[in-house]
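For reference, the structure discussed in these notes is given below.
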């Protein structure tokens, strides 16, 4: 909620927005839990909810599935697709996970700091 506060959103509006976003990512029942009480998959979903708080035009996600098992990774990527459509947000994902390429609208591949394909 700090980002919403910095953006000038009133406290009660920020709380309402946070609750709406947590509902969208399926975590409405975890609204008052501390980070240590959340699983890795839940923390990743909270990260996307937090990233959407101020309705950005673009989100940069660095290895969003790195610490997740294959089922959680698939669930997170399904959620990312849904949120991208619903919020009309561009999401740039940086990953070593080759399987995520199939879900991308565009893939830019790098090797040793150089773009090797677009």
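The values are calculated or read from the model by the stated rules, or taken from the named source; none is laboratory data. Everything numeric here is computed off the predicted structure, so don't read it as measured data. Note that each Cβ is placed from the backbone with ideal geometry, even for glycine, and that neighbours are counted across all protein chains shown.
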Query raised in the report: Could you list, in sequence order, the residues of the stretch 64-76 that are surrounded by 12 or more Cβ atoms within 10 Å (Cβ to Cβ) and either touching a strand residue (DSSP E or B) at 6+ places or on another chain (Cβ under 9 Å) or not in a helix (DSSP H, G or I) (or both)?
Result: 64, 65, 66, 67, 68
Report task. Have a look at 19, 53 and point out the one that is surrounded by 11 or more Cβ atoms within 10 Å (Cβ to Cβ) and modelled with pLDDT of 90 or more. Result -> 19
Report summary line: Within the stretch 77-118, the count of residues that are in contact with a helix residue (DSSP H, G or I) (Cβ under 7 Å, 6 or more places away or on another chain) and in a helix (DSSP H, G or I) comes to 8
Requested in this report: May I ask you to list the residues in the stretch 22-38 that are surrounded by 13 or more Cβ atoms within 10 Å (Cβ to Cβ), free of Cβ contacts under 8 Å to residues at least 12 places away in the same chain and assigned to a helix (DSSP H, G or I)?
Outcome: 23
Query raised in the report: Among the residues of the stretch 39-50 satisfying the criterion of being under 10 Å from the mean Cα position of the chain (by Cα) and crowded, with 17+ Cβ neighbours inside 10 Å, which is nearest to residue 10 (Cα to Cα)?
Result: 50
Report task. State the number of residues belonging to the stretch 1-10 that are surrounded by 11 or more Cβ atoms within 10 Å (Cβ to Cβ) and either part of a helix (DSSP H, G or I) or at pLDDT 90 or above (or both). Result -> 3
Report summary line: Residue count, the stretch 66-118, condition within 10 Å of the chain's Cα centre (by Cα) and in contact (Cβ under 8 Å) with a residue 24 or more places away in the chain, comes to 7
Query raised in the report: For the stretch 45-63, which residues satisfy the criterion of being in a loop (DSSP other than H, G, I, E, B) and touching a strand residue (DSSP E or B) at 6+ places or on another chain (Cβ under 8 Å)?
Result: 57, 63
Query raised in the report: Among the listed residues 107, 116, which satisfies the condition of being touching a strand residue (DSSP E or B) at 6+ places or on another chain (Cβ under 6 Å) and on the phi < 0 side of the Ramachandran plot?
Result: 116
Query - Test: residue 13 is over 27 Å from residue 110 (Cβ atoms), part of a helix (DSSP H, G or I) and touching a helix residue (DSSP H, G or I) at 6+ places or on another chain (Cβ under 8 Å) - result: yes
